[in-house]
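I have placed the structure first, in the form of structure tokens, so that the comments after it can refer back to it.
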């Protein structure tokens, strides 16, 4: 595994490379390092504003070449969000390097973990918070698919769907409490009573009885959160939602 010294040296070299790139309008450290919360497992997160939008792909290509030729990157993938391209590199020693690029007109903090190192950035603009009803709808959708998978004797897929119901219930909790909701970042901060209840929805065995049991708890956990988020809406839907986990009498065992 990489050492903290190796990570620090690589980040410094990437910042030095950026400092001499006249095509960049701004450079920032993001992620845990920007909030002084870095630990031995943290990755490298950097963000770059590109002065001329038409140069973005060229700048991205040049940084990518450096990551492979100089730092022996093993693989990379892109995550796109609006005008931003997040290129995620996997390096030997399991170090992850996330380099984010945006046109200078869009270069700005999207969250609290953003520390401008050089150049300029636009004013803070937080990422939009998901609508609770969208999260509720997705949880309901996964619940319906979980039921179908159990009845179709697809236990592995059923387990996947049940986990998604639980995840969306916890996402609703995070949204309600103002915790980070993306990628499970706030789940460990959810009250213990809620986590303890939903922990019972973890599937222990891939047999139908266990899958129905876990699905029922996951759905009830989802309903509990819907009641807290929008009691009027919950009153309208909870009867139908709870029916999803009712095992049909002719379900195959």
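Just so it is clear, none of the values below were taken in a lab; they were calculated from the coordinates. These numbers come from a predicted model, not from an experiment. A quick note on method: Cβ atoms are made from the backbone with ideal geometry, for glycine too, and the neighbour counts reach across all protein chains shown.
A few points about this structure:
- Here each label is just a point 7 Å from Cα along the line to Cβ, and for residue 106 and residue 153 those points are 4.9 nm apart.
- Centroid-to-centroid, using Cα positions, the range 91-152 and the range 166-233 are 20 Å apart.
- For the pair residue 72 and residue 13, the difference between a 0.36 nm per residue extended length and the Cα-Cα distance amounts to 19.8 nm.
- Computed from Cα atoms, the angle from the helix 155-177 axis to the main principal axis of the chain rounds to 70 degrees.
- Treating r as the C-beta distance of residue 133 and residue 196 and R0 as 35 Å, the FRET efficiency rounds to 0.85.
- Cα gyration tensor, the range 154-253 - rounded (a/c under 1.5), prolate or oblate: oblate
- Folded to 0 to 90 degrees: helix 231-243 orientation relative to the chain principal axis, Cα: 60
- In range of the label at residue 141: residues from the range 167-189 whose backbone nitrogen is under 18 Å from the point 7 Å along Cα→Cβ: 167-172, 182-184
- Global form of the range 63-185, assessed from the alpha-carbon gyration tensor, a/c cut-off 1.5: oblate
- Residue 64-residue 179 FRET efficiency (beta carbon distance; Förster radius 22 Å; 0.05 resolution): 0.05
- When each of the peptides 23-32, 104-113 is scored by the mean number of other C-beta atoms lying within 10 Å of its residues, the order from highest to lowest reads 23-32, 104-113.
- Packing-based order for 84-97, 1-14, using average beta carbon neighbours within 10 Å, highest first: 84-97, 1-14
- Rounded, prolate or oblate (a/c below 1.5 giving rounded, otherwise prolate when a/b exceeds b/c) for the range 42-112 by Cα gyration tensor: oblate
- When peptides 67-75, 44-52 are ranked by their average number of other Cβ atoms within 10 Å per residue, the highest-first order is 44-52, 67-75.
- Relative to the longest principal axis of the Cα atoms of the chain, the long axis of helix 56-69 lies at roughly 90 degrees.
- Computed [θ] at 222 nm, deg cm²/dmol, the chain (DSSP H ≥ 4; -39,500 (n - 2.57); rounded to nearest 500): -15500 deg cm²/dmol
- A simple spin-label model places pseudo-atoms 7 Å from Cα toward Cβ; at residue 228 and residue 206 they are separated by 3.3 nm.
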